[in-house]
Amino acid sequence: MAINPLSILFVASEVEGLIKSGGLADVAKALPQALDALGQDVRVTLPGYRKIKALEEAPIALETHLDHWPHTPYKVRQLAIGEVTVYAIECDHYFARNEMYSEYNQAYADNGERFSFFSAACLDMLPKLQFQPDIIHANDWHTGFVPYLLKHRYAEFPFFAHTKSIISIHNAVFKGVFSFDELPTLPEMQGRYAPDAAVSATHVTMLKAGVMTADKVNAVSPTYAEELKTELGSHGMAKEFRARAHDLVGILNGCDYSDWNPSTDDFLPEKYHAEMSSMLAGKAACKQGLQQRVGLPERDVAVYGMVCRLTSQKGVHYLLPILERFLKLDAQLVIVGTGDPILATQLAEIAACHSDKFAFVEAYSNELAHLVEAGSDFFLMPSEFEPCGLNQIYSMAYGTLPIVRAVGGLKDSVVDYDIAPESATGFAFINPEPIELLSVMQRSLLFYLQQKDEMERMQLYAMQQKFCWKEAAKEYLALYRSALN
Ligand code: GLC
């Protein structure tokens, strides 16, 4: 029996193809595309940041204002990614800035106001656009007030009588903590009474607002869903996640193979596919291309890559203490990323002393990320925590073996060679200690040097793994249906 398609509004603070700072954007592009391919009516909304190039030309679908905040009008611009309609909520006062969230490593002082305005506008625009979703799917703290307002402000509103909400947790370390005074756009906060959102007499967190009021909650991997129920894994929100345990599931992200596929990747000097001679020739050419690009000697040597935000989440602080010891070995390392200026300075100093073995590129570059994925033999993700992680999945697609700490989605997606050699796709360590990272890097280098055939077999096997968005989208559909029932 055919089931009626659902209408879904997917709400996120960034969407790949328009604007991106991290993995959230990848999901906000790929999941709606996959739901659309399954025949659902899915539309996406995000803030209309000035940085989005396509914005200016996009037709205006609506010009309006919030009843409670009439002096700050907003426009809805209509764009598309593939077949999926995208509504960008444009409001110069909040979004005509140089960046999305912060400048010079300083968050914008009015982020609480900006994202609560955005959350309120997401719901306000729907009756005006006459789009009546069955499901509103929020993501992370920026959109936490969407389920909250749906449950409270719109409780008696006939238009939303059958609409349910979901919130996906991509990273619970970012909670959106604001004082009541910082949320003038929401009259609901002016009474200073909001038990579903408050964390003290004076402050709320937007993530808590979403988690406590959405009909269903999901984490971006099964292991992360479990970790969220612990104090350590949830960064202090275990009580809330435990309270929602019956409505909390984990769904592992997929990979957008239209963006991450070495046989079609225009960023690579040579394309290759999952066949031994093609893989070996392609990866050798890409390694050379990478070495040239970052100024390392063009040698046939093990290359380790890492592309990440420079934060402790990504485990840069496990790498730094052992980096010089690792660089005594015959190997090369390329790190690409931006973030914490202290970590960046430390990496740059070490790179300056070891320029024959270590290149640090302080940049956020999609093109270079693709080249690092293809040109490396190993890809480092020693994360302190990792809700899902996508680069390990991209690495596998490029025949590059991920070296991960077995947490969150890294644990759910990478099989360690010593634990299960036949089905292995990489290397893993458990204890959050620099010395453990050094051992696993040494273990991988020994493997590279002494077990060449076995390594090549494993690289090919990794390339054949598929983390399909289609399958993940079916799990989301089942979650939507369970919310509606
Ligand atoms: C966040 C998480 C990352 C996850 C991504 C997409 O960036 O840190 O682990 O893969 O969101 O869900």
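The values are calculated or read from the model by the stated rules, or taken from the named source; none is laboratory data. If you're wondering where the values come from, they're calculated on a predicted model, not measured in any experiment. Heads up, the Cβs are rebuilt from the backbone with ideal geometry, glycines too, and the neighbour counts pull from every protein chain shown.
Of 406, 428, 420, which residue is within 16 Å of the ligand (Cβ to nearest atom), surrounded by fewer than 20 Cβ atoms within 10 Å (Cβ to Cβ), of a type outside the set (Val, Ile, Thr) and in the same structural domain as residue 375 (by TED's automatic domain parsing)?
Within the list 406, 428, 420, the selection yields 406.
Go through segment 1-48 and report how many residues are more than 16 Å from the ligand (Cβ to nearest atom) and assigned to a strand (DSSP E or B).
8
Please go through segment 158-172 and pick out each residue that is part of a loop (DSSP other than H, G, I, E, B) and either within 18 Å of residue 479 (Cβ to Cβ) or within 16 Å of the ligand (Cβ to nearest atom) (or both).
Residues satisfying the conditions are 162, 163, 170, 171, 172.
Out of the residues in segment 358-387 that are within 16 Å of the ligand (Cβ to nearest atom) and within 26 Å of residue 456 (Cα to Cα), state the one that is surrounded by the fewest Cβ atoms within 10 Å (Cβ to Cβ).
Looking at the filtered set, the residue picked out is 369.
Can you name the residue in segment 70-84 that is within 21 Å of the chain's Cα centre (by Cα) and surrounded by 15 or more Cβ atoms within 10 Å (Cβ to Cβ) and is also nearest to residue 55 (Cα to Cα) among such residues?
This residue is 81.
Would you check which residues across segment 212-222 are away from the ligand (no atom under 16 Å from the Cβ) and either assigned to a helix (DSSP H, G or I) or not assigned by TED's automatic domain parsing to the domain that holds residue 478 (or both) and list them?
Hits for segment 212-222 are 212, 213.
Could you say whether any residue in segment 213-234 is in contact with a Cys (Cβ under 9 Å, 6 or more places away or on another chain), of a type outside the set (Lys, Arg), crowded, with 21+ Cβ neighbours inside 10 Å and closer than 25 Å to residue 123 by Cα?
yes
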